[in-house]
């Protein structure tokens, strides 16, 4: 499956992206000093989340799986932890029409999706069953359609995959990057951690956030994938991912490339100013801001191949712009 031009393209993109990293100054976070320096600079953040119901879920994770359940708890904790700063964080969720009941308390409910892979590709199934997977562009548009709503119209939009766990200082770190580094859009790579508590040997739950936040370095593995994106509202309006959907490559690299395209366009418009390049990618160990339980890579299974291959095809229209973006 990997002996193809697609793999070579991924390697090329990864090389270029890490060259961007090498050209950027490292990120440093000191909770006390940074919080005090940012308190006078108000920023409104809307975090966009798209959970899904899990059939035969396991207590205490229902109606989600373990990863989504812990991710949800981490979002609420990080939101609460941001309240002492001059920072307004809103949480918003978008789901399928028949899953509106799983939108958590405290989240703004956005208009549900009106399409999915099940409606657009009715002949594609796994073990005879359709998969209702949302398209990334539809997730973004569900929020942009609320531009008239002051509760959701924000300075920054955060999107994370539904299984990404946040460090308790996540929004404070986002605030710092936006204010101090002047980035209009940036991505943060996650660290992979065990699914089980390293001390109790029991699966992590929403009650284990302290253990996750303080997990020793030897249990945190850096990961090169892209699953956490931050961009200004204006940048978001320019992103176009076509029919690329969640759960399968090249979703992460396509989002990243669109962000770089926006950044290059804006940078050219401000070439005669001292403003920094609008985009930056932060490696896992630079921010230690997001985590993921385990490394399943479910999309590699043979039964997933049709969805995997189709998403590669859907990404071609966007990849056609890669040569200009990465030149």
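Results, tabulated for the structure shown:
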item	result
Only one of 252, 225, 247 that is modelled with pLDDT under 90 and either within 21 Å of residue 137 (Cβ to Cβ) or in contact with a strand residue (DSSP E or B) (Cβ under 7 Å, 6 or more places away or on another chain) (or both)	225
Residue 14 within 19 Å of the chain's Cα centre (by Cα) and at pLDDT 95 or above	no
Residue that is farthest from the chain's Cα centre (by Cα), among those in the stretch 74-88 that are surrounded by 14 or more Cβ atoms within 10 Å (Cβ to Cβ) and assigned to a helix (DSSP H, G or I)	81
Condition met for residue 91 (within 28 Å of residue 176 (Cα to Cα), without any contact (Cβ under 8 Å) to a residue 60 or more places away in the chain and not in a helix (DSSP H, G or I))	yes
Residue check, residue 125 on the phi < 0 side of the Ramachandran plot and either under 18 Å from the mean Cα position of the chain (by Cα) or in contact (Cβ under 8 Å) with a residue 12 or more places away in the chain (or both)	no
Residue that is modelled with the lowest pLDDT [pool: residues in the stretch 281-303 that are in contact with a strand residue (DSSP E or B) (Cβ under 7 Å, 6 or more places away or on another chain) and part of a helix (DSSP H, G or I)]	303
All positions within the stretch 221-238 that are crowded, with 20+ Cβ neighbours inside 10 Å and part of a loop (DSSP other than H, G, I, E, B)	226, 227
Scan of the stretch 250-280 for residues that are over 30 Å from residue 66 (Cβ atoms), assigned to a helix (DSSP H, G or I) and in contact with a helix residue (DSSP H, G or I) (Cβ under 9 Å, 6 or more places away or on another chain), ordered by number	257, 258, 260, 261, 262, 263, 264, 266
Residue match in the stretch 301-315 (condition: farther than 30 Å from residue 127 by Cα and either without any contact (Cβ under 8 Å) to a residue 24 or more places away in the chain or surrounded by fewer than 21 Cβ atoms within 10 Å (Cβ to Cβ) (or both))	no
Hits in the stretch 171-186 (condition: under 16 Å from the mean Cα position of the chain (by Cα) and either farther than 14 Å from residue 232 by Cβ or free of Cβ contacts under 8 Å to residues at least 24 places away in the same chain (or both))	171, 173
Identity of the residue in the stretch 105-114, touching a strand residue (DSSP E or B) at 6+ places or on another chain (Cβ under 7 Å) and assigned to a loop (DSSP other than H, G, I, E, B), that ends up surrounded by the most Cβ atoms within 10 Å (Cβ to Cβ)	110
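The values are calculated or read from the model by the stated rules, or taken from the named source; none is laboratory data. Remember, it's a predicted structure, so these values are computed and weren't measured experimentally. We place every Cβ from the backbone using ideal geometry, glycine too, and count neighbours over all the protein chains shown.
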